[in-house]
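Below is one structure, written out as structure tokens; comments come after it.
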């Protein structure tokens, strides 16, 4: 899956590094991960998500009848296909009408 691909890509990257980039003996390599959202930082480890002030509260969830059977397509297994699929999902979501309060 996607996480296996990321792990393999990181392993390949680390294996191809020059000698000057290896951690000292006994030390582990550190890896960071971030989400880029506007946040009012309150402390080193907490903050308030600023994006939320622009959205209306949603209506309560109402159960709907079951959807018709959907024909599924296979999950892409080649990284390029996965990337194309991800970009298509992003573009479809990005350019749909927004319901933010101006």
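Residue 60 satisfies every condition listed in (1) modelled with pLDDT of 80 or more; (2) in contact with a strand residue (DSSP E or B) (Cβ under 8 Å, 6 or more places away or on another chain); (3) assigned to a loop (DSSP other than H, G, I, E, B) except (2).
One residue stands out in the stretch 9-51 among those that are under 25 Å from residue 80 (Cβ atoms) and in contact with a helix residue (DSSP H, G or I) (Cβ under 9 Å, 6 or more places away or on another chain): the one that is surrounded by the fewest Cβ atoms within 10 Å (Cβ to Cβ), namely 31.
Annotation note: Cβ proximity below 7 Å between a residue of the stretch 74-102 that is modelled with pLDDT of 80 or more and a residue that is in a loop (DSSP other than H, G, I, E, B) (sequence gap 6+ or interchain) occurs for 85/76.
The values are calculated or read from the model by the stated rules, or taken from the named source; none is laboratory data. Given the structure is predicted, the values throughout are model-derived calculations rather than measurements. Reconstructed Cβ throughout: ideal geometry from the backbone, glycine too, with neighbour counts over all protein chains shown.
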